[in-house]
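Quick one: the structure is below, and I'll ask about it shortly.
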Amino acid sequence: MRKLAIGAFSFAAAILVANYILTRATIIYAAVICAFAGALVLGVRLKSLRGLVISLLCAAIGFTVFAFHYDRTVEQAHALSGREDVFRFRLLEEPTRYDSYSSVEAQLYQDELPRLQTILYASGDALDGYHGGDLIAVRAKLTSADQRYGDRTDRYTARNIYLRANVKGAMLRLGSSHTLASLAARASRIICSCVEGVFPKDTAPFMKALLVGNKTELYRNDALYVVLSRAGLMHVVAVSGMHVSCLVALLQMLLGKSRRNAIGCMILFWCFVLITGFSPSAVRAAFMQTMLLIAPLFGRENDPITSLSAALAFLLLLNPFAIASTSLQLSFAAMLGIVLFAERIEERLMRPFEETKAEKIMRFLIGSAACSLSVMVFSLPITALTFGYMAIFSPLTNLLCLPVVQLCFAGGYLCCLLSLFPVVGSAAGALLSWPVRYLFAVCRRISSISFAALYEPTWLVLSLTGLVYLSLLLVFALHRNTKEKIIVPLAVWIVSLLLSQGGLLLYNSTAEGFFTVVDVGQGQCVCAVSGQNAVVVDCGSTSFGEYQAGDNAAAYLKQRGVRQIEAVIFTHLHEDHVNGFERLANLYSIRKLVLPANLADADTQLPGILRCALEHDIPVEWIENDRWERFDDIRAMLLQPGDTGDGNERCMPVLLSVGNYDLITTGDAPSSREKALVDTLDLSQIEILVVGHHGSKTASCEEYLASIGGRKAVLSVGKNTYGLPAEETLERLAAFGYTVYRTDTDGNVEIRIHG
C-alpha cells in the first residue's frame, strides 16, 4: 500500500477515535503521544519502519485537526447557545417545506459573530418566497446543534451544521447575493423546474432525486420509498460514484479523451457535485475520478486504494465530524468493497465463460453481480445497524436495474435540455418515464417477497458481521486460493443467517405470545403478538430524525415472525400516537383500523389516516361504546372514548388479552378518566400497566394505580422538553410497589407470555 494511502487512512482513523472514543480534553494528549512516538521511530532510521512513522505522524495530524475544528466550531456554538436576539443569516439553499414547519440551511452573517453554519426552523410557510443567497434579519433563539435534550448528537455536525435557530418573529430580506452555494442552489432549482415541466407526476420525484439529489418529494411518497428501500435500490438517488462515472463517460463520449478535454471534464463534474449539494459520496466519487484523469497528465498510474483514502482524508479535512455521516460511511464502505473484491469475484466467476460466445454478455452480467456483492461486504452491516434491516435481494435488483438507471440519468439531463422546446421535451420525458416505471415495477415485485428485507436485532447483526469478517481474515491469513476467499465468507454468512433465523423462530415458538411496548422515542406503540398475528395500539413518535414509529414497529413484528396485523387501534389522534401509521401500512398487511368515534376538528391527523386506509383498502371501524373484539387469539376490550374536552380527554382506553395475561393502556387520558375506569371496571386482573401520558403528572392517579392487580409498569417515553416522566409520577409508582420499565433506557420492553 502506498505511503499516501497509509497516511490518509491513519488520519481518518485518528478522527474516528477522536469523535467516538476520546473526550476533548484527551485528544491533544493523543496527538502529542502519536507525534512523540513517530519521532522516536523516525530516529531508528530503518526503511522498514517508514510506514509506521507515516501512520503515527498522520494520526497526530488527525487528532490536531479534530481538536482545532472542534474549538473553532462547536465551542463557539456552545458560547452562543441559548442566546435570543435579532440575527442576520445568509441562506445557503432553497427552503424545504414540511407539514407544519419549514427549514433551511444558512450561515450566521454578523461581523461580531463567527460565521457558523446554521439550520433555521420556522413555523408554517414563513420561509416561502425566500431563496438561496438571500440575506435576512430575524429574531431567533440559537441552540448548539451538537446537543439534543442534554445529550451529545452528531446528526447536524456531520453535515457541518453547528447551530439550530428557531425563528421567533417576522423575517426581513436585506438583500441577495450570488455566492457559490446560492448559485448551486439556483441551478438545482432550475433543473428541478425542468424536470417538473417534462416528466409526468408519477416519475418526476424520482428523476429530481436521481439528477440532483433532491429527495424531498420522493420521501413524501412513502409507499415508493419503502419499495425502493426493501428492494435495495434507494442508493441510486444518493448522488454517488455511479452518477459521476456516468457523467464522465457521457462527457468523454461528447468531448473526446484528450488531455485538454480531461481538464474540462473535471471542471464539469465538479460543477455537478456542487449543484447536487456536495454530498460525501459525490465528493468521494469526483475526487477519485479526478485522480483517475489527472494521473496520466503527470505520467503516474492511478491506484484505487490511494485515491479512495485520499478522498476520505480530503473530506475529513474539510469537516472532521463528517466521519459520523451515514452517507460517508456507506459510500466508502461500498467503494472499499468494490476495490478489494469486485475484480477477484468477477475473475473467479468468469472462468467457465472465457473464450466462449457468451463471454461478452456474461462479463457484463457477472461484472454487475460481482460489483453488487462486493458492495455488500462492508456496507451491509452499516445499513442493518443504521436502518434496522438488510435488503437480501439488492444484488438481483442492481443487476436488473442499474443499466436502466444509467439510461435514466443520461436521458434525464437530455430531457432537461429539450425542455427549451416544450412539446419535444414533454414527449421525451413521457418516453423516458417508461424505463422509470420499469424500475418501480421491478422493485415492487422484489419488495413483495416476504423475506426481501430481513430485520435483525442489533446484537445479531454485530455477531453475524464479526463471524463473516473473522472467516475473511482467516482465509486471507492462511493464503487460501481465490475460490475459498470468495466461497468461505459467503457460506459462513448464509449459514449464520439461516441459523439466526431458525433461532428466532424457536424463540418465538416457545411462548404463547408477547406484549411489547416498542421503543419509538417520544411517542407510543404497544404490540400484542400471538403466533403469526398481532394487534398494534398506537404507532407514533415526535422524535424526528431519530425514530420512525412505523419502521420500529414493523422491525419488531418481523423479528417475532408476524405475517399480518389483525388490527391497528388508536387511543386518540395526536401525532405522537399515529404518525407512523402510513409507514406501517406500507410494510404490513393490516386487516382493520379501529378509531374512537368522538373526534373533533382539532384532530388534524384524521384526513391523512383515512386517506392511507383507503389507499390500502383497510376497513375502518368506529368505536362509540364499550366493546370486546377478538382478533384471532388476541382479545381487546375497547372502552368508550370521552365525548368532550381536548384530544387527551377523548382518549379511548384499550385492554389487551393474550391467554390469561392482560395489559391496559389509556393513551394520554387524564386522571379523571382513570378514576372513571376504576368506578366501572374490575382492574385487579391486569398484570401490565402502560403508564398514561408518557408519565405525565396529570395521569396515573393513586386510585388507578391501587386498582391494578399486577405491579409491572411500562413507560413509553423518549428524550423531550416536557419534563417527562414527571418525578411525582415516578414517586407514586414506587409508592405502590411497581417495577418500572422505560423505553428510553431499556429499549423495547417485551413481556413473554407462557401458557
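Within region 286-306, take every residue that is surrounded by 20 or more Cβ atoms within 10 Å (Cβ to Cβ) and either closer than 14 Å to A12 by Cβ or touching a strand residue (DSSP E or B) at 6+ places or on another chain (Cβ under 6 Å) (or both) and give me the one that is modelled with the highest pLDDT.
Selected residue: T306.
Any idea which of C612, C651 is over 21 Å from V517 (Cβ atoms), open to solvent by less than 10 Å² (accessible area, probe 1.4 Å), within 33 Å of the chain's Cα centre (by Cα) and among the hydrophobic types (A, V, I, L, M, F, W, C)?
C612
Still on this structure, please answer the following. Check L328, L317, L365 and return the single one that is surrounded by 21 or more Cβ atoms within 10 Å (Cβ to Cβ) and among the hydrophobic types (A, V, I, L, M, F, W, C).
L328
Follow-up question, since we're still on this one. Filter region 166-180 down to residues that are within 14 Å of Y130 (Cβ to Cβ) and of a type in the set (G, A, S) and give me whichever is modelled with the lowest pLDDT.
Taking the candidates together, the pick is S177.
Let me ask another. Sort out for me the strands (runs of 3 or more DSSP E) sitting completely within region 82-187 that have 2 or more residues that are free of Cβ contacts under 8 Å to residues at least 24 places away in the same chain and not small (G, A, S).
Filter on region 82-187 gives 101-108.
Kindly indicate the residue of region 710-740 that is of a type in the set (K, R) and more than 36 Å from the chain's Cα centre (by Cα) and also modelled with the highest pLDDT among those meeting that condition.
Looking at the filtered set, the residue picked out is R732.
Follow-up question, since we're still on this one. Can you find a residue that is surrounded by 21 or more Cβ atoms within 10 Å (Cβ to Cβ), part of a loop (DSSP other than H, G, I, E, B) and aliphatic (A, V, I, L, M) anywhere in region 624-646?
Yes, that holds for at least one residue.
Hey, does region 229-236 have a residue that's open to solvent by 20 Å² or more (accessible area, probe 1.4 Å) and within 26 Å of L414 (Cβ to Cβ)?
Yes; the residues of region 229-236 include at least one that is open to solvent by 20 Å² or more (accessible area, probe 1.4 Å) and within 26 Å of L414 (Cβ to Cβ).
Next question, about the same structure. Scan region 490-520 for residues that are closer than 26 Å to I751 by Cα, crowded, with 16+ Cβ neighbours inside 10 Å and aliphatic (A, V, I, L, M) and report the count.
Summing the residues that are closer than 26 Å to I751 by Cα, crowded, with 16+ Cβ neighbours inside 10 Å and aliphatic (A, V, I, L, M) in region 490-520 gives 6.
Another question about this same structure. Being in a loop (DSSP other than H, G, I, E, B) and in contact with a Leu (Cβ under 7 Å, 6 or more places away or on another chain), is that true of even one residue in region 298-321?
So far as region 298-321 goes, yes, one or more of its residues are in a loop (DSSP other than H, G, I, E, B) and in contact with a Leu (Cβ under 7 Å, 6 or more places away or on another chain).
Could you please find all residues in region 78-107 being over 28 Å from the mean Cα position of the chain (by Cα) and open to solvent by 70 Å² or more (accessible area, probe 1.4 Å)?
A79, R83, E84, V86, R88
Could I ask something else about it? Restricting to region 171-186, name every residue that is open to solvent by less than 30 Å² (accessible area, probe 1.4 Å) and either touching a helix residue (DSSP H, G or I) at 6+ places or on another chain (Cβ under 8 Å) or under 13 Å from L92 (Cα atoms) (or both).
S182, A184, A185
Something else now. Is it the case, given these coordinates, that G540 is open to solvent by 20 Å² or more (accessible area, probe 1.4 Å), of a type in the set (G, A, S) and either within 28 Å of S509 (Cα to Cα) or in a strand (DSSP E or B) (or both)?
Spelling it out, it is not the case that G540 is open to solvent by 20 Å² or more (accessible area, probe 1.4 Å), of a type in the set (G, A, S) and either within 28 Å of S509 (Cα to Cα) or in a strand (DSSP E or B) (or both).
The values are calculated or read from the model by the stated rules, or taken from the named source; none is laboratory data. All values derive from a computational prediction rather than experimental measurement. FYI the Cβ positions are ideal-geometry reconstructions off the backbone, even for glycines, and counts take in every protein chain you see. When the accessible area is computed, the model is the full protein with side chains, heavy atoms only, and any ligands, DNA or RNA have been set aside. Shrake-Rupley method; radii C 1.70, N 1.55, O 1.52, S 1.80 Å.
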